[in-house]
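Heads up, the thing below is written out as structure tokens.
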Amino acid sequence: MLKHDIKGYLISHTHLDHVQGLVVASPDASNKTIYSLPSVSAEIEQNYFNWKVWPNMLNRGQQPQLKKYHMEDLKPGEAKDLAGTNMTVTAFPLNHAGSESTAFLIESGDDAILCFGDTGPDEVQKTANMQDIWKAIADKGGSRS
Ligand SMILES: [Zn+2]
């Protein structure tokens, strides 16, 4: 299943409880794409696949690059095709204890699901991220029969 059915990874943020499997399973994984916001991609590259913590399985960063994982930076609010599927993903930034986290809107045809990475309410996080997400998806709630 890991090698064939899972086409890629959406990484919300780099806390170890969210990425340990991505790192540890990488030698046995097939080539996949990692989708994340640029700040998250940079943390994955610098903190994990750096030839100190773990070999560089990425297509960027420290040489040599083993290129098992292809990094795909997501632009906030901009839909991107998920390779090997008929789905798109749109990333929305979240604030999580001072670092960037992500909500992912995954769409296929008329269907959509919104998945939140770790975050908190705008009032506590001192941001408008949640408000911005609800505004961005407000028109997605079409009627279903
Ligand atoms: Zn976290």
In the range 2-138, what is the count of Lys pairs whose alpha carbons are under 18 Å apart, counting only pairs at least 8 residues apart or on separate chains? 14
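With a sphere of radius 12 Å drawn around the Cβ of Leu74, what net charge do the other residues whose Cβ falls strictly inside it have (Lys, Arg +1; Asp, Glu -1)?
Details: positive: Lys75, Lys80; negative: Glu72, Asp73, Glu78, Asp81, Glu100.
So the surrounding residues net to -3.
How fast does the range 76-117 diffuse by Stokes-Einstein, in µm²/s, taking the Kirkwood radius from C-alpha pairs at 25 °C and 0.890 mPa s?
Values: Rh = 10.8 Å.
Value of D from the Cα-based Kirkwood radius: 227 µm²/s.
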Run the helix sum for the chain: -39,500 (n - 2.57) per DSSP H stretch of 4+ residues, divided by residue count, reported at 222 nm to the nearest 500 deg cm²/dmol. -6000 deg cm²/dmol
Bridge type composition, the range 2-138 - antiparallel percent by DSSP, nearest 5: 65 percent
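In nm, what is the difference between 0.36 nm times the number of residues separating Trp54 and Trp134 and their Cα-Cα distance? Let's see the in-between values first.
Working: separation 80, 0.36 × 80 = 28.80 nm, distance 3.78 nm.
Extra length available between Trp54 and Trp134 comes to 25.0 nm.
Could you state the per residue volume, in Å³, of the convex hull enclosing the Cα atoms of the range 2-138? Please report the intermediate quantities before stating the final value.
On the way: hull volume 13.9 nm³, N = 137.
So the per-residue Cα hull volume is 102 Å³.
No lab work stands behind these numbers, since they all come straight from the coordinates. Given the structure is predicted, the values throughout are model-derived calculations rather than measurements. Every residue, glycine as well, gets a Cβ built from its backbone with ideal geometry; the counts of neighbours run over all protein chains shown.
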